[in-house]
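Worksheet for the structure shown next.
Since every read-out is calculated from the coordinates, none of them should be taken as a lab result. Note that the structure is predicted; figures quoted are calculated from it, not measured. Heads up, the Cβs are rebuilt from the backbone with ideal geometry, glycines too, and the neighbour counts pull from every protein chain shown.
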Amino acid sequence: MATRSKVIPIQAAADFDQEQVLYEVRKKIYPRAVSGWFAKWRWALVFLTQLVFYVSPWLSWNGRQAVLFDLAARKFYIFGIVFWPQDFIYLTILLMISAYSLFLFTTVAGRLWCGYACPQTVYTEIFLWVERVVEGDRVAQMRLDKAGLSPRKVALKSAKHAIWIAISLWTGFTFVGYFTPIGDLGREVFSWTLGPWEAFWLFFYGLATYGNAGWMREQVCKYMCPYARFQGVMFDRDTLVVAYDEERGEPRGARSKKTNPQLAGLGDCVDCEICVQVCPTGIDIRQGQQYECIGCTACIDGCNQVMDKMGYAPGLIRYASLNGVSQHLGWREMIRRVFRPRVLIYTAVLWAIIIAASISLYLRVPVKVDVIRDRNALSREVADGLIENVYRLQIMNTQERPRKLVITASGIDDLKVGGVTLPIEIGATSTQMFTVNLRAPAEKVQKGSNRIVFHIVPLDAAGGADDFSLHEKSIFFKR
């Protein structure tokens, strides 16, 4: 049986070939090492963020881990403050502060978060540094990758990946140490008794660090991070960004150091492509603003080094607003334009939230009370002509010291509290249930529901928010 071949029209074949070009195979980027003022700031942020991340779980406070999010016990310790699930509002406030901070800093100076403090940027910097130490500079790395398989290549690649894996696993271990006491976690790791959830998150976070910082790198910023997509709506022409001065730099062209660029009809850009070689995402800043630019300022340091060698003024690529570059504005005038209405609104809202949250934390009552009526015995008559109602008081002590509390009640004349020995004592960071009886003379209680109020005050107050008075409403019932 003859096979019929499928005929593809010439135009369709051309369209098919054209479509294939859209799917470009990723080319590895070899960022060149750079030094300068901005590079020092970037590395300072790397050290600061990692110092906080790796050291915080090992700090102690009141005999326990200073920063611990104990999900099993539903307690979240941050130094001297203990948060409970009922304090979820503070998480909401933290997210609001983070969001407004992101809006404010991005509107003022572009992608400061991406360029200096984002974990993807920080760990990529660390992994690139390891790569340079093991394999050499940019040129050496390119030669090594093009070379055939050899014992030297295997040894260098193995050493690099071993260091990357060690950093990644330690990062995963530290991350899990924020949720499981890190001392206990370490003993479990060395005794091979690690629980399934701890093991999963340790290796998952370690694998994510290894994959993102070691392999994917700029792909995370360009294709996976949503912030790269919506940052443009926060920019305007007065936002300070990494900008290329096209008027000064063009027309670009190579020349010797002795060449007078004005006589040669050239701009200050010598077309050395150092700005491209140092860029971790591999873009050319001379093509204008691009969403792939993370604002790391490596191109500024690289270009300034070339300008210094050529004897030209620095700042061909610099932090400036687009209006500042096009209108030849000075630094002071650009800074004055930074304080525009949108920035002032963001600043005012941000400080209002921070101040309100700080006051709320300072005045937060350390004891919480829930009053629950005993449904099995709504009301009963006892000796001496008294009416008794039974209540259960669930008391939560959020502080890390025991508290002594006195309970009284009002709303009915001669209302007495019984069933417990006063003052009651509740342990540190604990929740306890107390059964309380309220008794009142029958002639002073109206039939049906009578509104009453429980009053809880401390005997051991130390002043400030520690000296509180809680008032919980309830019902006293008479048949």
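Quick notes
- Integer Hz, Karplus 6.51/-1.76/1.60 couplings in order for the range 107-116, x for Gly and Pro: 5, 6, 9, x, 8, 4, 4, 5, x, 10
- Potential extension, Leu95-Asp308 segment - 0.36 nm per residue separation minus Cα distance: 72.3 nm
- Label-point separation, Cys272 to His471 (7 Å along Cα→Cβ), nm: 7.5 nm
- Length released on extending from Trp37 to Val406, taking residue separation times 0.36 nm less the Cα-Cα span: 126.7 nm
- Across the chain, the relative contact order, built from alpha-carbon pairs under 8 Å that are at least six residues apart, equals 13 percent.
- Once you reduce the range 187-262 and the range 424-476 to the center of their Cα atoms, the two points are 56 Å from each other.
- Straight-distance crosslink candidates among lysines, where the alpha carbon sits under 27 Å from Lys258 and sequence neighbours closer than 8 are dropped: Lys309
- Inter-probe distance in nm under a simple model that places probes 7 Å from Cα toward Cβ, at Ala356 and Asp374: 4.3 nm
- Taking the convex hull of the alpha carbon positions in the range 110-257 and averaging its projected area over all directions gives 14.7 nm².
- A simple spin-label model places the labels of Ala199 and Thr421 4.9 nm from each other, with each point 7 Å out along Cα-to-Cβ.
- By the rule of a second cysteine Cβ within less than 4.7 angstrom, the chain holds isolated cysteines at Cys114, Cys118, Cys221, Cys225, Cys269, Cys272, Cys279, Cys293, Cys296, Cys303.
- Estimated FRET transfer efficiency (Arg248, Ile335; beta-carbon r; R0 30 Å; 0.05): 0.90
- Between the range 307-347 and the range 117-181, the alpha-carbon centres lie 36 Å apart.
- Correct choice for semi-axes √(5λ) of the Cα gyration tensor in Å that was computed from the model, options (i) 36, 29, 20; (ii) 64, 29, 24; (iii) 36, 24, 21: (ii)
- Projected over every direction and averaged, the convex hull enclosing the alpha-carbon atoms of the range 367-478 yields 6.9 nm².
- Exposure proxy for Tyr178, Tyr77: other Cβ atoms within 10 Å of each Cβ, ordered fewest to most, give Tyr178, Tyr77.
- Rg and Dmax of the range 61-174, Cα atoms only, in Å: 21.4, 61
- When the pairs Lys75/Lys416; Lys157/Lys257; Lys75/Lys160; Lys153/Lys257; Lys75/Lys222; Lys368/Lys416 are compared against a 30 Å limit on Cα-Cα distance, Lys75/Lys416; Lys157/Lys257; Lys75/Lys160; Lys153/Lys257; Lys75/Lys222 fall above it.
- When the convex hull of its Cα atoms is projected in every direction, mean area for the range 241-397 (nm²): 18.5 nm²
- Whichever aspartates and glutamates have a C-alpha closer than 16 Å to that of Lys444, once near sequence neighbours (fewer than 8 apart) are set aside: Glu381, Asp384, Glu388, Asp413, Asp414
- Mean ellipticity per residue at 222 nm, deg cm²/dmol - from DSSP H runs of n ≥ 4 across the chain, formula -39500 (n - 2.57): -12000 deg cm²/dmol
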